[in-house]
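Asks: Below: one structure in structure tokens.
The values are calculated or read from the model by the stated rules, or taken from the named source; none is laboratory data. Source: prediction; values computed, not measured. Cβ atoms come from the backbone with ideal geometry, glycine included; neighbour counts cover every protein chain shown.
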Amino acid sequence: MRFSVIAVPLIAAFVFGWGLYKKVDILDAFTEGARENLKTALGLLPTLALLMLGVGMFRASGALEALTELLSPVTEVLGFPKECLPLTVLRPVSGSGALAVLKNILAENGPDSFAGRVASVLMGSTETTFYTIAVYFGATRVKKSRHALPAALAGDMTAFLLSSLAVRLFLGFTAR
């Protein structure tokens with residue numbers, strides 16, 4: 001039997017046993033923890049609803065397509081596939097929206113195409129920056145993100161710029 005199958009039950013048994021050993025009221029500790037986590041989740045809901053609404057409006061308004069058309073001449077010079085531009089714009093904001101865009105790129109171009117591989121590298125090397133910052137800073141009630149947002153966006157930009165280069169170098173694609 002693989003360890004992965006029994007890992008979670010073993011951890012739960014260990015925590016339960018440790019609580020008994022330390023004479024902790026396990027039921028009270030569990031319900032108190034669940035209560036605190038529900039409060040945190042309820043506090044995050046307005047932020048997440050606003051973020052989802054903004055992403056929906058951005059896509060439905062046609063702004064995503066307009067922005068990708070505006071950026072395509074610049075990315076063409078850099079050797080970045082035009083098909084992946086909507087992914088670069090949407091990925092820092094919405095994971096599910098980026099997944100839908102990835103699905104479209106793979107369906108239209110194929111997973112073994114240059115665009116398909118660049119899109120796959122982008123999905124694996126970037127983060128839903130705004131979502132993550134909204135959740136983490138909202139959960140901890142931090143009002144000023146200070147350098148977190150610029151640093152995270154710099155990481156995303158680096159991944160965007162280097163993804164096509166990485167596909168060329170490591171997967172043997174040549175320039176168009």
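Asks: I'd like the residue in region 86-135 that is aromatic (Phe, Trp, Tyr) and under 17 Å from LEU51 (Cβ atoms) and, out of all such residues, is modelled with the highest pLDDT.
Replies: Going through the qualifying residues, I end up with PHE130.
Asks: While we're looking at this one, here's another question. Go through (1) at pLDDT below 90; (2) surrounded by fewer than 15 Cβ atoms within 10 Å (Cβ to Cβ) for ARG59 and report which single condition fails.
Replies: (2)
Asks: Just a yes or no: is a residue in region 47-56 more than 21 Å from LEU153 (Cα to Cα) and surrounded by fewer than 10 Cβ atoms within 10 Å (Cβ to Cβ)?
Replies: Scanning region 47-56 turns up no residue that is more than 21 Å from LEU153 (Cα to Cα) and surrounded by fewer than 10 Cβ atoms within 10 Å (Cβ to Cβ).
Asks: Here's a follow-up. Here's a check for you: in region 69-107, which residue that is acidic (Asp, Glu) and out of contact with any Gly (no Cβ under 9 Å at 6 or more places or on another chain) is farthest from LEU171 (Cα to Cα)? Write out each step before concluding.
Replies: So in region 69-107, the residues acidic (Asp, Glu) come out as 69, 76, 83.
Restricting the remaining residues to those that are out of contact with any Gly (no Cβ under 9 Å at 6 or more places or on another chain) gives 69, 76.
Details: GLU69: 27, GLU76: 20 Å.
If we take residues in region 69-107 being acidic (Asp, Glu) and out of contact with any Gly (no Cβ under 9 Å at 6 or more places or on another chain), then GLU69 is farthest from LEU171 (Cα to Cα).
Asks: Look at PHE80 and say whether it is in contact (Cβ under 8 Å) with a residue 60 or more places away in the chain, surrounded by 10 or more Cβ atoms within 10 Å (Cβ to Cβ), under 30 Å from ARG91 (Cβ atoms) and among the hydrophobic types (A, V, I, L, M, F, W, C). Can you show your working first?
Replies: Numbers: in contact (Cβ under 8 Å) with a residue 60 or more places away in the chain: yes; surrounded by 10 or more Cβ atoms within 10 Å (Cβ to Cβ): yes; under 30 Å from ARG91 (Cβ atoms): yes; among the hydrophobic types (A, V, I, L, M, F, W, C): yes.
Yes, satisfied.
Asks: Looking at the structure I just gave you, is VAL74 of a type in the set (Val, Ile, Thr) and surrounded by 13 or more Cβ atoms within 10 Å (Cβ to Cβ)?
Replies: no
Asks: If you don't mind, another one. List the helices (runs of 4 or more DSSP H) inside region 67-142, counting only whole elements, that have at least 1 residues being aromatic (Phe, Trp, Tyr) and within 14 Å of VAL167 (Cβ to Cβ). Step through it out loud before you land on a result.
Replies: Values: elements: 85-90, 95-109, 114-125, 129-140.
The helices (runs of 4 or more DSSP H) meeting that bar are 114-125.
Asks: Give the residues of region 122-146 that are under 27 Å from LEU45 (Cβ atoms) and surrounded by fewer than 14 Cβ atoms within 10 Å (Cβ to Cβ), sorted by residue number.
Replies: Once the filter is applied, which keeps residues that are under 27 Å from LEU45 (Cβ atoms) and surrounded by fewer than 14 Cβ atoms within 10 Å (Cβ to Cβ), region 122-146 yields TYR136, THR140, ARG141, VAL142, LYS143, LYS144, ARG146.
Asks: Same structure again: Take region 108-121 and flag every residue that is surrounded by 14 or more Cβ atoms within 10 Å (Cβ to Cβ) and not hydroxyl-bearing (Ser, Thr, Tyr). Can you show your working first?
Replies: Just the residues of region 108-121 that are surrounded by 14 or more Cβ atoms within 10 Å (Cβ to Cβ), to begin with: 109, 113-121.
Hits for region 108-121 are ASN109, PHE114, ALA115, GLY116, ARG117, VAL118, ALA119, VAL121.
Asks: To continue, here is another question. Pull up region 147-176, narrow it to residues that are of a type in the set (Val, Ile, Thr) and more than 19 Å from the chain's Cα centre (by Cα), then point me to the one that is surrounded by the fewest Cβ atoms within 10 Å (Cβ to Cβ).
Replies: If we filter region 147-176 for residues that are of a type in the set (Val, Ile, Thr), which is where we start, we get 158, 167, 174.
Next, only the ones that are more than 19 Å from the chain's Cα centre (by Cα) stay: 167, 174.
Details: VAL167: 22, THR174: 6.
Per the criteria, the residue is THR174.
Asks: Here is a follow-up. Please name all residue pairs, on different chains or six or more residues apart, with Cβ atoms under 7 Å, provided the first residue is in region 46-72 and is more than 18 Å from TYR131 (Cβ to Cβ) and the second residue is part of a helix (DSSP H, G or I) and modelled with pLDDT of 80 or more.
Replies: The qualifying pairs are LEU67/VAL89; THR68/LEU85; THR68/PRO86; THR68/VAL89; LEU71/LEU85; SER72/LYS82; SER72/LEU85.
Asks: May I pose another question? Restricting to region 70-101, name every residue that is basic (Lys, Arg) and more than 13 Å from the chain's Cα centre (by Cα).
Replies: Filtering region 70-101 down to residues basic (Lys, Arg) leaves 82, 91.
Once the filter is applied, which keeps residues that are basic (Lys, Arg) and more than 13 Å from the chain's Cα centre (by Cα), region 70-101 yields only LYS82.
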